[in-house]
Every structure is written in structure tokens, then in C-alpha cells.
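Take a look at the structure below.
The values are calculated or read from the model by the stated rules, or taken from the named source; none is laboratory data. Note that the structure is predicted; figures quoted are calculated from it, not measured. Neighbour counts are summed over all protein chains in view; Cβ atoms, including those assigned to glycine, are modelled from backbone coordinates with ideal geometry.
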Amino acid sequence: MTDDKLKGVSMGGDGDDAAELTPTATLARLYEEQGFFDKAASVYKKLLVMEPDRADLKEKLEDIEKRLAVISPQPEKSETSTMLDHLTGWQKTIGERKKMLDQEGEKRRRILVIHGPNLGMLGRREPSVYGTLTLEEINEEIKKTAEECGMSADTFQSNHEGEMIEKIYEAIDGYDVLIINAAAYTHTSVAIRDALLMLDIPIIEVHLSNIYRREPFRQKSMIADVATAQVVGFGKDGYTMAVRGSVNMSRRT
Ligand code: DQA
């Protein structure tokens, strides 16, 4: 479509004809007939400034604006802006997910691992019975496994019965699982047994060696019937098995 017909009725000139020519209803109609709806609207607006009460002009303008809305629909979103919308959405989702994980992190199951007397000498102590790994290396494996299972583990070793008992107290409110290798105290300590009886969290008794295949005095555990589960004879793997096994253990009743 061109402006030719309009120019033919003396609307010549470059630029904005509607702005240059005297606004009249005829001019507006001519523009409209030629399909120059934006120019027609502009003329009607000018006329309405001069004659604001002209209902017929208002009606015409409204009609033209409706047509303009159909001819010039909202431009479609560019690919970039669509992608930006998606990115904002993703960012929001990631943010929410992180917040959720942080909150879950606070609720992570906490495991306390207590090692009894002489276990600090692992690696050097009777390696044919207890293996060659140091306690430090075993503790690292325990922590790593706990992390893999979405939990956390603190480890503690003592050669002293009283210290072990005090550590057990910390588990009353501070931990969700207790893994204990009471070592030689396993066979003698009524005091450790009594401390364990205060806990209502799962207790897993671990021994590197299979105490039931050793000397008769080792075959009796003072804590076996207080414990939720017992892992014996798997060497250092017994600890990681205990960690994994504790994932779904519920509180003791
Ligand atoms: C042990 C077995 C105990 O009889 C011994 O006194 C230990 C280690 C074990 O892990 O096999 O110190 O608990």
C-alpha cells in the first residue's frame, strides 16, 4: 500500500502527512479508506481535542484503535528474551533447591564413632589380627562413607573407660547413631554397658576381628544385648558396613 491516492487528493509532502495537513473528518476517513489507520487515528485524536464531545469521532477512533490492535499484535518474544525467561526460571529453581538442601543439611543424621583402648595403635598393633591400616585411615573411610550416605560422622578414641563413658553421654542428645568398638572393655565394662543403656539412638557394636572365634574371654560381650546390631570379623570394612547399615535404622524403644 502507498500514499499515492492520498497524495492525489492534495496530501502531498514528505513526512508525517497527518501532522502537516489540517485535521478534518474527511482527511481521517480518506486515511482510513486507504488503510493508513495510524494516520487516521492521529487525525481523529486532533479533532477530538478541538471537539471533545463528538461521539461520532470517539466511536471512529475506538473502531480504528481496535483495528490497529489486530494489525499490530504484541511483537513475539525474541529467542533471547525467551531464553532469559527460562534462565531466570532455572535460577529460581536452583536457588530453591539449594535452600532446601541447606535445610536438609542441618537435619543430616550425625554418627558418633567411639574406638576403645589400644585401637589408636592400629597399623602397628597385631596387623595379622587387626589389619595394616591406621586408625586415622579408618576414620577417613568412615567419614567418607557417611558423607556418601548423606550423613556426617565424628570419631573419638580413648584408652580410658571414663572418657569413653563421657563421650557416650554426648550422644544422648547430640547424635543419631552410635558406632562403638569398646575393644577390651567390651568384655569387662559394666560401666560402659550402663552408659549405653541411657541412649535411645541405634547402637552398632563393631569388632575388627571375629571375637567369637577367639579366646573364650573375648567371646563374651557386655554390650551385645544392649546394641541394636553387631558387626564382627570384617576388619576395617566392619565400620563402613555399620555406617551404611545405620542409614535406615530408627530409634530404639
Ligand atoms: C577388638 C576385639 C577385642 O577383644 C580386643 O580387645 C580389641 C579389638 C576387635 O576390634 O576385634 O582391642 O575389639
Can you confirm whether A184 is farther than 16 Å from I111 by Cα, within 16 Å of the ligand (Cβ to nearest atom) and of a type in the set (A, V, I, L, M)? yes
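I need the full set of residues from segment 108-125 which are within 12 Å of the ligand (Cβ to nearest atom) and either within 16 Å of F234 (Cβ to Cβ) or of a type in the set (G, A, S) (or both), in order please.
Passing the criteria: H115, G116, L119, G120, L122.
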Could you go through segment 77-98 and let me know if any residue there is within 30 Å of S42 (Cα to Cα) and at pLDDT below 80. yes
Quickly run through segment 214-246 and pick out the residues that are more than 29 Å from G150 (Cα to Cα) and buried (at least 17 other Cβ atoms within 10 Å of the Cβ). S221, M222
Going through (1) assigned to a helix (DSSP H, G or I); (2) under 22 Å from D237 (Cβ atoms); (3) within 13 Å of the ligand (Cβ to nearest atom) one by one, M164 fails only at (2)
Among the residues that make up segment 126-148, is at least one of them part of a helix (DSSP H, G or I), among the small types (G, A, S), away from the ligand (no atom under 16 Å from the Cβ) and surrounded by fewer than 21 Cβ atoms within 10 Å (Cβ to Cβ)? no
All positions within segment 149-161 that are under 22 Å from S246 (Cα atoms) and within 16 Å of the ligand (Cβ to nearest atom): T155, F156, Q157
Scanning segment 194-217 residue by residue, the ones that are out of contact with any strand residue (DSSP E or B) (no Cβ under 7 Å at 6 or more places or on another chain) and more than 15 Å from the ligand (Cβ to nearest atom) total 5
Scanning segment 167-213 residue by residue, those surrounded by fewer than 19 Cβ atoms within 10 Å (Cβ to Cβ) and part of a strand (DSSP E or B) turn out to be none
Does segment 221-249 hold any residues that are assigned to a loop (DSSP other than H, G, I, E, B) and either on the phi > 0 side of the Ramachandran plot or not polar (S, T, N, Q) (or both), and which are they? M222, I223, A224, D225, V226, A227, G233, F234, G235, K236, V247, M249
